[in-house]
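Each remark here refers to the structure printed beneath this line.
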Amino acid sequence: MIRIRGLAKHYGAFEALKGIDIDVAPGEFLVVLGPSGAGKSTLLRCINRLTTPTRGEIHIDGQPASDGAASLRRLRCSVAMIFQHYNVVPRLSVEKNVLTGRLGAMPSLLSWLQVFPRADVAIARECLRRVELEDKAKRRTDTLSGGQKQRVGIARALAQQPKVILADEPVASLDPKTSRTVLTYLKQASRELGITVVCNLHQIDYAREFGERVIGVSAGRVVFEGAPDKLSDDVLHRIYPGLEEAGSTAAAPQPAEPHPPLMRDLVLKEA
Amino acid sequence: MGSYTLLVARPPGNLGWWPRAGIAAGLLALLWWAAQGSQVSFGELAKGLPWIADFLSRMFPPNLAFLDKLVRPAIETIQIAIWGTLLAVILALPLCFLAARNLTPGPVVYHATRQVLNVTRGINEIILALVFVAAVGLGPFPGVLALAVHGAGMLGKFFAESIEEIDSGPIEALRSTGAGPIQIIIFGVLPQVVTAWIAVVLYRFETNLRQATVLGMVGAGGIGFELVGSMKLFQYQDTATCILVIIAMVMAADYMSTWLRARIQQGNR
């Protein structure tokens, strides 16, 4: 479904990605594991071209990704994204937030006037039902809890009826119990609908629990690829260099870091 | 009597008080120079006091019978302010997105739009009104145009600044759904700025009403026309009535817009 070859992204002198090759099979739930600043976010953002890669090729469902307005819109319609900070529009209702997932597919002019095709409204309802928030449909989204906001984020992604969902640290701002709930919703819905998922995580136990396959990324390179039960201590040291010196155990979740660029700086110092 | 002590820290540096003394002398020279140019003279003011008193006494009592004649111009003033504000909003809307650093298509468009807003905001309404009176003739419409142009510059700047303050996360999320630029503005930007915008527009309406009361002085309609007319005819009692009506209108507008803005900010929470 996704085929990435030689993907590189440079920010000035800093190389966020140093030549990445990944294949993702249709319907797969792939976890990209790595410390904050390893380049996981950049990798996902290159796939839907929120970031333009410096080098390399990306094919999605056989289509090469490119930057023309029309092809970009087509690409983004079939590739949905879920964000660490939910990125829901606070002052819109839950239902309208989910409907924004349909914007790429509906007539622009009518949507400007807040007129939505019934079929799209029905899709939005169905997606809200999948994350069990249909009773909150008319609530303003800023009245929801963090976990509920992320479920709205998932519903918005599902509403796109995408082939691929890119989830960028979807639970990094949530407590462990809520994190499991949210990941369960994401996994269930994508399994039932046959959606390919690429999910960035930095917590090793979630990668083991939810991933069907795991790719370990460290300092812009793929350092591991395999089944979650192959995540041995040796592998984890490759993904998280300096884990022993930090004195933490492999299973300890890293603290959520609201400023990724700062963490990137940290990694630079380590490297 | 107790005893007192002067508690002033000695300025840092080897020179002590000398630099401060120099600055003080420079400021005094500036004030003296400006007083020469503007002919500020308290002696003249003192000599003029009897004439000012005479002028005020001629205004008293205000001619309340003149109120009848002021109803129409007062209403016209409000009408000018309404359309001046509305046209200003319409002009500012397309410009503000180009003048917001986070939405602008490029630095050239950004700087060009900012300059347009600066220029329109920089020209006083009265001067604009003079220009428009020359262009479209006497009456309230040039007043509307003057308020619209000046207001567009001010509103465009404030609109753009509130756009620059929004959370960029939802915008990025909408972009990733394949939404078009106008869809992103309607579903991602407007919900985040609309209350701030309404507050600014109300404030602008208040300002426009205040400005509309003087536009008539240059022939651009409203109650200011009656004010100048009565003065030219030496009908100072009528002038007093005009001033009272203007004060009442401005106070009413100020009170209403303050009240509405407070309500909106409350609803925001």
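The values are calculated or read from the model by the stated rules, or taken from the named source; none is laboratory data. Small disclaimer: the values here were computed from a predicted structure and weren't measured. Reconstructed Cβ throughout: ideal geometry from the backbone, glycine too, with neighbour counts over all protein chains shown. Ligands, DNA and RNA are stripped out before the accessible areas are found, and what is left, the full protein with its side chains, is counted by its heavy atoms. Shrake-Rupley method; radii C 1.70, N 1.55, O 1.52, S 1.80 Å.
The share of alpha-carbon pairs in region B:1-149 lying farther apart than 18 Å comes to 79%.
Placing pseudo-labels 7 Å out from each Cα toward the beta carbon at A:GLU209 and B:ALA35 gives an inter-label distance of 8.0 nm.
The label point for B:ILE243 and the one for B:PHE42, both projected 7 Å from the Cα toward the Cβ, are 2.4 nm apart.
Shape class of chain B from the Cα gyration tensor (axes a ≥ b ≥ c, square roots of the eigenvalues): oblate, since a/c reaches 1.5 or more and a/b does not exceed b/c. Computed with a 1.4 Å probe over protein heavy atoms only, the accessible surface of region A:19-70 comes to 36 Å² per residue.
Here the accessible area is traced with a 1.4 Å probe on the protein chains. For region B:71-218, carbon and sulfur cover 73 percent of it. Compute the distance from the alpha-carbon center of region B:153-174 to that of region B:6-23, in whole Å. Value for the Cα centre distance between the two parts: 46 Å. In the protein assembly as shown, the DSSP beta bridges split such that about 55 percent are antiparallel, to the nearest 5. With a 1.4 angstrom probe, the accessible area lost at the B-A interface totals about 2100 Å².
Note that region B:1-140 presents 74 Å² accessible area per residue, ligands and nucleic acids not counted, probe 1.4 Å. Rounded, prolate or oblate, given the Cα gyration tensor of region A:118-210, with a/c below 1.5 counting as rounded? Oblate, because a/c is 1.5 or more while a/b does not exceed b/c. Residue order by solvent-accessible surface for A:ARG151, A:ARG91 is A:ARG91, A:ARG151, largest first, with ligands and nucleic acids left out and a 1.4 Å probe. With N the number of residues in region B:121-190, Rg(Cα) / (2.2 N^0.38 Å) evaluates to 1.66. Going by accessible surface with a 1.4 Å probe and the largest first, B:SER3, A:SER190, A:SER173 read B:SER3, A:SER173, A:SER190.
Taking the longest Cα principal axis of chain A as reference, the axis of helix A:69-78 is set at about 90 degrees. Beta bridges from DSSP with both residues in chain A: antiparallel share about 55 percent, rounded to the nearest 5. Using a Förster radius of 35 Å, what is the FRET efficiency between B:VAL116 and A:SER66 based on their Cβ-Cβ separation? Nearest 0.05, please. That gives a FRET efficiency of 0.50. Shielding of peptide A:97-105 by partners, expressed as the average count of other chain Cβ atoms within 10 Å per residue Cβ, is 5.
Accessible area of A:HIS237 (1.4 Å probe, protein heavy atoms only, ligands and nucleic acids ignored): about 70 Å².
The coefficient of translational diffusion for region A:178-230, derived via Stokes-Einstein from the alpha carbon Kirkwood radius under 20 °C and 1.002 mPa s, stands at 179 µm²/s. The Kirkwood radius of the protein assembly as shown, taken over pairs of alpha-carbon atoms, gives through the Stokes-Einstein law at 37 °C and 0.692 mPa s a diffusion coefficient of 115 µm² s⁻¹. Cβ-Cβ distance of B:VAL71 and A:HIS59, R₀ of 60 Å, FRET efficiency by 1/(1 + (r/R0)^6): the value works out to about 0.20.
For a quick check, take a GNM of chain B with Cα springs below 10 Å and name the residue from B:ALA196, B:ALA74, B:ALA146 with the largest mean-square fluctuation. Ranking B:ALA196, B:ALA74, B:ALA146 by mean-square fluctuation puts B:ALA196 first. With each label modelled as a point 7 angstrom along the Cα→C-beta vector, the B:ILE90-B:ASP167 pair spans 3.5 nm. Quarter the surface of the alpha carbon convex hull of region B:53-112 and you get the mean projected area, 7.8 square nanometres.
Within 10 Å of the Cβ of each residue in A:20-27, the mean number of Cβ atoms contributed by other protein chains is 0. Surface composition of region A:129-223: carbon and sulfur make up 46 percent of the accessible area, probe 1.4 Å. Largest to smallest in accessible area, the residues A:ARG221, A:ARG156 fall in the order A:ARG221, A:ARG156 (1.4 Å probe, all protein chains included).
Note on B:187-194: average number of Cβ atoms from other chains within 10 Å of each residue's Cβ is 4.
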